[in-house]
Amino acid sequence: MAIAQFNLKKNQRAERKLLITVAEWTDEAVTTYELQTSQPANWATNYTSYYIKSGNDYVAVTGTTAPTWVADTYYTKVTMGPTFREILGTRTEDSSIEYNTDIATSTDIRGFNYTDVNKTQPQQSFDPFLILGGSYLGAKLNDIRKRNAYSELSQFTLYIITAYIGNETDGYDAERHTDCTIEYTSLGGDANVNMPINVYFSNRVTAGTVDKLDETFTFTPDVSV
């Protein structure tokens, strides 16, 4: 199989943001309402799909014509799930995938040394992993922590996207690891609440590509592998 070349100029360094780790899991769908700060392009014709807040409730806009737009007043209804994804690394300044290679060495009777690679146990740490508004993974892990539901920590899928290989047309190289573990190691901090996490890749790998570099990507397995 031909080796895909980097989509970089000769001697150009790949930026760290081009190595992307994504967590995926399934859960009950969640409905949220996002405040609109600027007038949507379809406001005049589709205003009834937006909401206003009345106490703790969200009420759909009604009327025969669109009301006058007022910033920071109208909301969009957003339903997430049952499949959730989150790109890891927000506010994390340094993180690398450690492969923890198991290597056995031996020397034969002629005095030659041999090295055998038995396995790798890839893992990655994210510290800090701050408690941030809008983080579904943070909420998921916090819920697991409260319920002591430790078995659920091993029910994640992880993607490694190497966006320095491929393009928007043909897709970016990616690998999907199923039955992975994400563990939280502590909870607290100084001025902000931090819940550092370690992610453990399963090595149950499917190679493929993704069509975009955000959480809404479609993963396509590589049939030639």
Exercise. Taking ARG145 as the residue in question, decide whether it is closer than 24 Å to HIS177 by Cβ and basic (Lys, Arg).
Key: yes
Practice problem: Give me the pairs, please: first residue somewhere in region 196-214 and under 16 Å from ALA4 (Cβ atoms) and free of Cβ contacts under 8 Å to residues at least 60 places away in the same chain, second residue anywhere and hydrophobic (A, V, I, L, M, F, W, C) and surrounded by fewer than 19 Cβ atoms within 10 Å (Cβ to Cβ), beta-carbon distance under 8 Å, and either six or more positions apart or on two chains. | Solution: ALA207/VAL225; GLY208/PHE219; THR209/PHE219; VAL210/PHE219
Exercise. Could you give me the residue pairs with C-beta distances under 8 Å whose first residue belongs to region 149-173 and is under 18 Å from PHE219 (Cβ atoms), whose second residue is at pLDDT below 95 wherever it lies, and which are 6+ apart or on separate chains?
Key: ILE165/ALA4; ILE165/GLN5; GLY166/ALA4; ASP173/ALA4
Practice problem: Scan region 171-225 for residues that are within 17 Å of ALA23 (Cβ to Cβ), assigned to a loop (DSSP other than H, G, I, E, B) and among the small types (Gly, Ala, Ser) and report the count. | Solution: 1
Exercise. Count, please, the residues in region 50-65 that happen to be exposed (fewer than 14 other Cβ atoms within 10 Å of the Cβ) and either under 25 Å from ALA139 (Cβ atoms) or among the polar types (S, T, N, Q) (or both).
Key: 8
Exercise. Could you tell me which of the residues ASP102, ASP127 is under 17 Å from ASN194 (Cβ atoms) and among the acidic types (Asp, Glu)?
Key: ASP127
Quiz item: How many residues does region 1-31 hold that are touching a residue at least 60 places away in the same chain (Cβ under 8 Å), small (Gly, Ala, Ser) and assigned to a loop (DSSP other than H, G, I, E, B)?
Solution: 2
Quiz item: Does THR92 fit the bill of being of a type outside the set (Gly, Ala, Ser), more than 30 Å from PHE156 (Cα to Cα) and touching a strand residue (DSSP E or B) at 6+ places or on another chain (Cβ under 9 Å)?
Solution: no
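Is it the case, given these coordinates, that THR68 is part of a loop (DSSP other than H, G, I, E, B), touching a helix residue (DSSP H, G or I) at 6+ places or on another chain (Cβ under 7 Å), loosely packed, with under 13 Cβ neighbours inside 10 Å and not acidic (Asp, Glu)?
no
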Exercise. Would you check if there is a residue in region 3-17 being hydrophobic (A, V, I, L, M, F, W, C), touching a helix residue (DSSP H, G or I) at 6+ places or on another chain (Cβ under 9 Å) and modelled with pLDDT under 95?
Key: no
Quiz prompt | Cβ pairs under 7 Å, 6+ apart, first in region 95-113 and free of Cβ contacts under 8 Å to residues at least 40 places away in the same chain, second among the basic types (Lys, Arg) and assigned to a strand (DSSP E or B) | solution = ASP102/LYS119
Quiz item: How many residues does region 102-128 contain that are of a type in the set (Phe, Trp, Tyr), loosely packed, with under 10 Cβ neighbours inside 10 Å and in contact with a strand residue (DSSP E or B) (Cβ under 9 Å, 6 or more places away or on another chain)?
Solution: 1
Quiz prompt | Within region 174-219, considering residues that are polar (S, T, N, Q) and farther than 15 Å from GLU24 by Cβ, the one surrounded by the most Cβ atoms within 10 Å (Cβ to Cβ) | solution = THR209
Self-check item: Number of the condition not met by SER125 [criteria: (1) more than 30 Å from THR101 (Cα to Cα); (2) assigned to a strand (DSSP E or B)]
Solution: (1)
Quiz item: If a residue has to be outside any loop (DSSP other than H, G, I, E, B) and surrounded by 12 or more Cβ atoms within 10 Å (Cβ to Cβ) to count, how many in region 36-46 make the cut?
Solution: 2
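The values are calculated or read from the model by the stated rules, or taken from the named source; none is laboratory data. Predicted, not measured: the structure shown is a model, and the values here were computed from it. Note that we place each Cβ from the backbone using ideal geometry, even for glycine, and neighbour counts take in every protein chain shown.
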